[in-house]
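The values are calculated or read from the model by the stated rules, or taken from the named source; none is laboratory data. What you are looking at is a predicted structure, and each value in this text was computed from that prediction instead of being measured. Reconstructed Cβ throughout: ideal geometry from the backbone, glycine too, with neighbour counts over all protein chains shown. These area figures cover heavy atoms from the full protein model, side chains too; ligands, DNA and RNA do not enter into them. Shrake-Rupley method; radii C 1.70, N 1.55, O 1.52, S 1.80 Å.
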Amino acid sequence: MDSRPLNLLGLDAAGLKAAALSWGEKPFRATQLMRWLHQRGVADFSAMTDLAKSFRGHLEAQACVRTLEVVRDHTSSDGTRKWLFDVGAGDAIETVFIPETDRGTLCVSTQAGCAVNCRFCSTGKQGFSRNLDAGEIIAQLWQANHALGAYQADAGLKPDRVISNVVFMGMGEPLQNYAATLSALRIMLDDHAYGLSRRRVTVSTSGVVPMMDRLREDCPVSLAVSLHAPNDRLRDDLVPLNRKYPLAELMAACHRYLAHAPRDFITFEYVMLDGVNDTPEHARQVLALVRGLPCKFNLIPFNPFPESGLIKSSPAAVKAFAQILLDAGIVTTVRKTRGEDIDAACGQLAGEVQDRTRLAERSGRPKTIMLTRSAQEAR
Ligand code: SAH
Ligand code: SF4
């Protein structure tokens, strides 16, 4: 890893400006630098031809563009592409690109592991390892843009819009890593960097109420809330953070968020678990809970893993549940499972790597990165 101190990938406009000023440069130099880094994807300071020589000298001596080491890069039969990155000390994170006809969505991670420990989530089962910094979050976008050819399309101008949307739905709880998430969001939205619209950047949260309020003030982007249960008893069990921020507080925070949100609705995610949260009675409780709150529902087929002890809902149960919401006038979609042959959903691959890495550590064997079951089966 590059040991020069300042990783430019994690600096938003204010951070780059502060760096430029500290080297005695004019603030507009920071804007030029931002364009080189993020619009053109350039990491080599000597290629930044319109920067003053003195500025390039400071950059060479004190700054770097720190990328992540790719452990695996796999494209599924449906075009979904997934990278596994080594972020040091045995930790791995994942990033997924999902191409669709009218857009391309990148799903980024914000933490190695996660402290929330939802019952149905393999990332949660790993426990929390550490927060990613803003540079590590932006590196996922920067490297995906490179890998997808976005920077080659037009020498010199903005990256090709191969990635039109970003969702914070990879590993980790973004609102428990607020400062880094906020800097990364600002870089994603900056017109001199990626220039993504607020509507096309979505933060997904399990419901960290005070930070939902902060985000609303600091950088309101589209919000997805992982609901998963319509009453506190069940949600306490599935999403333990609910004991701290119960549903009444969560719903109130959603109402407050809407006043600033770039879209006039909140998206609720709801992972469908057989016999646990998927009955018509649960659907009716959902209706009562969200009455008066403009929202959409995204029903997610559960991606099973052995230790969870949970089973995915039957297609009939999902359909019946969706119909109850639709009949009440709520736009409801069932998430397509993409990239199943490479386990592109939610922490699965990195989960396996972690478990086996830790196992190897305990048994004193050298660390090896293993493929997931399904990735092996797909071969
Ligand atoms: N921590 C944030 C964002 C990352 S999780 C959050 O919880 O919202 C992104 C989404 O994947 C969440 O809605 C989460 O509930 C869902 N998810 C986690 N594990 C899953 C699994 N095994 N199958 C299907 N969806 C899962
Ligand atoms: Fe963390 Fe989200 Fe997984 Fe819950 S679902 S454990 S909040 S990553």
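So the values come out like this:
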read-out: Given (1) over 26 Å from Thr105 (Cα atoms); (2) modelled with pLDDT under 95, index of the condition Asp264 fails; value: (1)
read-out: Candidates Gly135, Gly124, Gly90, filtered to the one that is at pLDDT below 95 and either on the phi > 0 side of the Ramachandran plot or touching a Leu at 6+ places or on another chain (Cβ under 8 Å) (or both); value: Gly90
read-out: Some residue of region 249-268 being closer than 20 Å to Cys114 by Cα and hydroxyl-bearing (Ser, Thr, Tyr); value: no
read-out: Unmet criterion (only one of (1) surrounded by 20 or more Cβ atoms within 10 Å (Cβ to Cβ); (2) within 17 Å of Ile138 (Cβ to Cβ)) for Ala43; value: (1)
read-out: Top-ranked residue in region 191-205 [being in a loop (DSSP other than H, G, I, E, B) and open to solvent by less than 30 Å² (accessible area, probe 1.4 Å); ranked as farthest from ligand 2 (Cβ to nearest atom)]; value: Gly195
read-out: Out of His228, His192, sole residue that is within 30 Å of Glu307 (Cα to Cα), at pLDDT 95 or above and not β-branched (Val, Ile, Thr); value: His228
read-out: Conditions (1) under 18 Å from the mean Cα position of the chain (by Cα); (2) crowded, with 18+ Cβ neighbours inside 10 Å: number failed by Tyr151; value: (1)
read-out: Of all residues making up region 75-86, the number that are modelled with pLDDT of 95 or more and surrounded by fewer than 20 Cβ atoms within 10 Å (Cβ to Cβ); value: 1
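Residue-wise test of (1) of a type outside the set (Phe, Trp, Tyr); (2) crowded, with 22+ Cβ neighbours inside 10 Å.
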residue	(1), (2)
Cys254	yes, yes
Tyr257	no, no
Ala261	yes, no
Asp264	yes, no
Ala283	yes, yes
